[in-house]
1. Can you name the number of the only condition in (1) more than 19 Å from ASP94 (Cα to Cα); (2) modelled with pLDDT of 85 or more; (3) out of contact with any Gly (no Cβ under 7 Å at 6 or more places or on another chain); (4) not aromatic (Phe, Trp, Tyr) that ASP41 fails?
2. Within the stretch 26-39, track down each residue that is surrounded by fewer than 18 Cβ atoms within 10 Å (Cβ to Cβ) and part of a helix (DSSP H, G or I).
3. Can you name the condition, by its number, that GLY48 falls short on among (1) modelled with pLDDT under 90; (2) within 16 Å of the chain's Cα centre (by Cα); (3) in a loop (DSSP other than H, G, I, E, B)?
4. Consider SER107 against the criteria (1) modelled with pLDDT under 90; (2) loosely packed, with under 13 Cβ neighbours inside 10 Å; (3) not aromatic (Phe, Trp, Tyr): it satisfies all of them except one. Which criterion is unmet?
5. Just the residues that are in a helix (DSSP H, G or I), of a type outside the set (D, E, K, R) and over 30 Å from GLN33 (Cα atoms), please, taken from the stretch 76-121.
6. Quick one: LEU67 ticks every box in (1) in contact (Cβ under 8 Å) with a residue 60 or more places away in the chain; (2) buried (at least 16 other Cβ atoms within 10 Å of the Cβ); (3) within 17 Å of ILE112 (Cβ to Cβ) except a single one, so which number is it?
7. Looking at GLY78, GLY58, GLY82, which one is more than 16 Å from TYR109 (Cα to Cα), without any contact (Cβ under 8 Å) to a residue 60 or more places away in the chain and surrounded by 13 or more Cβ atoms within 10 Å (Cβ to Cβ)?
8. Within the stretch 92-107, track down each residue that is in contact with a strand residue (DSSP E or B) (Cβ under 9 Å, 6 or more places away or on another chain) and under 15 Å from LEU67 (Cα atoms).
Amino acid sequence: MRGSDGCVGSVGVAAGRKLSWHPDRDPRSLTEQEITAVGLDLYSLLRGFDGYQVAIVGWNAEEAVDLQELENDWVSEGDIDGLHGLVVATDLRDRWRVGDAFIPFTSGYWWIPYRGHRNVYS
């Protein structure tokens, strides 16, 4: 997980409650369902945090939470609704005027619902 304040959080072994994990297991062997289960668990964890502006779960999440890029590219071009799993603070959502793309996530935050991941390495 990565938040817009530059904080990166990661959850290692046994991150997903639905995932039987072994340290020797190659992450490239994860199925779509396993990756999605880990993603959903990370979003559950994220619901317990506050103080961030934007967050997203993913393999290279830092590329998706750059505020300037989000504003200049995604919001200005009207493509923000393509960032499934993006979580934004209420004030940011209101400033961007993209309320239709987001639904409530947790108190003070809105999101474009997560649709799961597929293993791009398999």
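1. The number of the failed condition is (3).
2. Quick first cut of the stretch 26-39, residues surrounded by fewer than 18 Cβ atoms within 10 Å (Cβ to Cβ) only: 26-29, 31-33.
Answer for the stretch 26-39, where residues must be surrounded by fewer than 18 Cβ atoms within 10 Å (Cβ to Cβ) and part of a helix (DSSP H, G or I): PRO27, ARG28, SER29, GLU32, GLN33.
3. In the conditions (1) modelled with pLDDT under 90; (2) within 16 Å of the chain's Cα centre (by Cα); (3) in a loop (DSSP other than H, G, I, E, B), GLY48 misses (1) alone.
4. The single condition SER107 does not satisfy is (1).
5. Taking the stretch 76-121 first, the residues in a helix (DSSP H, G or I) are 80-82, 90-96, 99-101.
Next, only the ones that are of a type outside the set (D, E, K, R) stay: 80, 82, 90, 92, 96, 99, 101.
Hits for the stretch 76-121 are THR90, LEU92, TRP96.
6. LEU67 satisfies all of (1) in contact (Cβ under 8 Å) with a residue 60 or more places away in the chain; (2) buried (at least 16 other Cβ atoms within 10 Å of the Cβ); (3) within 17 Å of ILE112 (Cβ to Cβ) except (2).
7. Numbers: GLY78 fails: surrounded by 13 or more Cβ atoms within 10 Å (Cβ to Cβ); GLY82 fails: surrounded by 13 or more Cβ atoms within 10 Å (Cβ to Cβ).
Answer to the selection: GLY58.
8. LEU92, ARG93, TRP96, VAL98
The values are calculated or read from the model by the stated rules, or taken from the named source; none is laboratory data. The structure presented is a predicted model; accordingly, all values stated were derived computationally and were not measured. Methodologically, a virtual Cβ is constructed for each residue, glycine included, from the backbone with ideal geometry; neighbour enumeration extends over all protein chains shown.
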